[in-house]
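Notes follow the structure.
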């Protein structure tokens, strides 16, 4: 299972590719890609977004399902999805709930 | 300190305009990210995990209250109310928007600041001893030469697309407080037999994945040859430094692969061609720049201040602070005061906008409006009257800035690590926080004495772990954070690279391991005056290794 | 080489033709040969009635051209990637140390923001591979900084009073 992630050009915000080729600010709204061919297509969409000055540095990441929730497989992507572990008042984690 | 004249001001403002234009071209799509990246980096703008990061230059770590207040204002208006002071005496904002950065640079230019060359493959901000101009042991104020180097290297037409970044550090005394031997060029002020001023020149030091100690190319370089010699080194490096592998592109690899003698010959041959050309430093220019760094007029004060002595006798906290956070000053009755940015459990080097404003106010009231950022990620007031120390300490302590731990184990250096940095493999800040909590007792820390703990979250070594008395390197092992411990590193005039003791420790064991090393030292030190590094140098790594891993 | 060149503030048609060493040399033209080819048979090229230019790749040592510089009208310093800054040093060595007075041309993938630096290193014509750079050169964009904090040999700069190394662009 994969999703596509990038940073938004204008403000650097971490974003993931959503179902309609739009970029979303929370991982739970990202499009989950099960097939390699879907990943390839999504990366092409992402490349268009890069050329259209929407996002920077798009790449695929592994995600896992944990009690029904989608979580990044790697610590680095966990931190990107939440915010600095040392500053719970900052980043996406501060906006959640 | 250095003050801009009309030229410097226009120069910085033009640079802001240029960057504004570059950002506009990027947003319009006239510049691709690949093309924009080196341009934004040359202005200190990175893209990290959560957002952009803007690194602002604090040339040789010197600033005044007005500038500090502006940095606080930027933290509040364009960022999240705090900022991070770095090991290269700069400051980083972690959350700016790309579209706001031209405005931030305009704000900076209004107080004679900029972000030029705080990143990219160019000559970076020149760093210097944080006690410059105040220390009793210095030959001359190294900032004078750092400023000359800053001007020469700013937007240098030839040396802005080097194989890799290039860092110069300069120290004013035999005791090296600027870690010059682990820089691309390290300069140490000295004197020849005729009493003329010059520099000991080291080349090819560096940390990162291949730590190297700089080779001494010259025991004495006359001061008027400073720029010519640096230009010769940079030209040899620009033409011959490796460009096929980013990890082998620093000048240390060129020096290592070519050999010290070959590099010396090449540099000296190039120097002969450059020497006495237009880079020859005229004495008048040195004098002109020197005038900016003239120390304040010090009062004729008694050596010891009875009110201060009495206050220390009354307050254990003040006595502890005085013991650790004051450095001898060349003028009687004065001191250089270190403000620790390492509160127990805090993120090393971070300061809130409010704390930055407190520091600005204190500097203006008590410290001749001079502030320094140290490469150990603390703040220094270089010139303070001893009699003002009790009140300064009281105000610092009330604002979370009174930690009496300068040079102690909780005064650690740590890079931002995986909490912010796109290059990191492991987190650094939480390790620093846990260690400082474990050693929170000031009594215990004072008993342990001088101990430099340095933590990096990846092999790039921004946390200088190679030169920590105890160094910690975070790595990624199959998705888990693992911490390797090195011991015996040092970044002063006796520079040494720390040795890896053995296998790494998981995050929940690394603090115990550090404590084991410290306890081992306490057991085997010859006496209380023998510091950790001296004990290590006396006994070697065997007892420490055994304590950590057993004798098997 | 690119078909258009920016020189003296305007775009001109390329006069230089690239030849390979096995071909007979055209007479009365302007010929560019690679550094390696030139050094392999310098005499033959210099005896030709054509003007001779040498194309310098980043790793080529400009100093090896020293004995032949009087016979050369052009050295084209190539930038296969804009991040490879060796050409900046090569240009300076040619101008400042070897006293080359012919044309120094930057060719290849350099970007607009490098143009003023190239000029300060002695480059006087530009043949960028990217159209956007050529357009920018014509429009004069990317030239916001006209103050320099170190001297150079660029003829269009003057010293700043009271500051021995500083320079101000006069032609901008």
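A few points about this structure:
- Count - residues of the stretch B:242-267 that are surrounded by 13 or more Cβ atoms within 10 Å (Cβ to Cβ) and assigned to a loop (DSSP other than H, G, I, E, B): 4
- The numbered conditions (1) at pLDDT below 95; (2) more than 9 Å from chain B (Cβ to nearest Cβ); (3) within 21 Å of residue B:422 (Cβ to Cβ) are all true for residue A:72 except (1).
So that you can scan it fast, the table gives a plain yes or no per residue for (1) surrounded by fewer than 17 Cβ atoms within 10 Å (Cβ to Cβ); (2) facing chain B (nearest Cβ under 7 Å); (3) part of a strand (DSSP E or B); (4) touching a residue at least 60 places away in the same chain (Cβ under 8 Å):
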site	(1), (2), (3), (4)
A:56	no, yes, yes, no
A:59	yes, no, yes, no
A:64	yes, no, yes, yes
A:76	no, yes, no, no
A:80	no, yes, no, yes
A:89	yes, no, no, no
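- For the stretch B:377-388, the condition of being surrounded by fewer than 22 Cβ atoms within 10 Å (Cβ to Cβ) and in contact with a helix residue (DSSP H, G or I) (Cβ under 7 Å, 6 or more places away or on another chain) holds for at least one residue.
- Qualifying residue in the stretch B:155-172 (condition: in a helix (DSSP H, G or I) and touching a residue at least 40 places away in the same chain (Cβ under 8 Å)): no
- Qualifying residue in the stretch B:50-73 (condition: within 14 Å of chain A (Cβ to nearest Cβ), part of a helix (DSSP H, G or I) and surrounded by fewer than 20 Cβ atoms within 10 Å (Cβ to Cβ)): no
- Residue list for the stretch C:116-147, restricted to those being touching a helix residue (DSSP H, G or I) at 6+ places or on another chain (Cβ under 8 Å), assigned to a strand (DSSP E or B) and more than 7 Å from every other protein chain (Cβ to nearest Cβ): C:126, C:128
- Residue under evaluation residue B:37, criteria (1) within 14 Å of chain A (Cβ to nearest Cβ); (2) in a helix (DSSP H, G or I); (3) touching a helix residue (DSSP H, G or I) at 6+ places or on another chain (Cβ under 8 Å), criterion not met: (3)
- Candidate set: the stretch B:1-34, residues that are assigned to a loop (DSSP other than H, G, I, E, B) and within 30 Å of residue B:141 (Cα to Cα); chosen: the one farthest from the other protein chains (Cβ to nearest Cβ): B:1
- Breaking point among (1) on the phi > 0 side of the Ramachandran plot; (2) modelled with pLDDT of 95 or more; (3) touching a strand residue (DSSP E or B) at 6+ places or on another chain (Cβ under 7 Å), for residue B:112: (3)
- Residue in the stretch B:124-141 that is touching a helix residue (DSSP H, G or I) at 6+ places or on another chain (Cβ under 7 Å), outside any loop (DSSP other than H, G, I, E, B), touching a residue at least 60 places away in the same chain (Cβ under 8 Å) and outside the structural domain of residue B:207 (by TED's automatic domain parsing) present: yes
- When we screen A:70, A:4 for residues that are touching a residue at least 60 places away in the same chain (Cβ under 8 Å) and part of a strand (DSSP E or B), the only hit is A:70.
- For residue C:165: the one exception among (1) in contact with a helix residue (DSSP H, G or I) (Cβ under 8 Å, 6 or more places away or on another chain); (2) in a loop (DSSP other than H, G, I, E, B): (2)
- Flag for residue B:242 being at pLDDT 95 or above and away from chain C (no Cβ under 14 Å): no
- Subset of the stretch B:22-40 that is modelled with pLDDT of 90 or more and under 23 Å from residue B:123 (Cα atoms) - its residue that is surrounded by the fewest Cβ atoms within 10 Å (Cβ to Cβ): B:33
- When B:440, B:491, B:422, B:461 are checked against the criterion of being away from chain A (no Cβ under 13 Å), surrounded by fewer than 24 Cβ atoms within 10 Å (Cβ to Cβ), within 24 Å of residue B:206 (Cβ to Cβ) and in contact (Cβ under 8 Å) with a residue 40 or more places away in the chain, a single residue qualifies: B:461.
- Just one of the numbered conditions (1) in a helix (DSSP H, G or I); (2) modelled with pLDDT under 95 is not true of residue C:91: (2).
- Given (1) closer than 15 Å to residue B:207 by Cβ; (2) away from chain A (no Cβ under 14 Å); (3) in contact (Cβ under 8 Å) with a residue 24 or more places away in the chain, index of the condition residue B:447 fails: (1)
- Within the stretch B:490-525, if we keep just the residues that are in a loop (DSSP other than H, G, I, E, B) and closer than 30 Å to residue A:74 by Cβ, the residue that is nearest to the chain's Cα centre (by Cα) turns out to be B:498.
- Taken over the stretch B:268-292, the criterion of being touching a residue at least 60 places away in the same chain (Cβ under 8 Å), part of a helix (DSSP H, G or I), within 14 Å of chain C (Cβ to nearest Cβ) and surrounded by 15 or more Cβ atoms within 10 Å (Cβ to Cβ) is satisfied by B:285, B:286, B:289.
The values are calculated or read from the model by the stated rules, or taken from the named source; none is laboratory data. All figures in this text were calculated on a predicted structure; none of them were measured in a lab. Here Cβ is always computed from backbone atoms with ideal geometry, including for glycine, and neighbour counts include all displayed protein chains.
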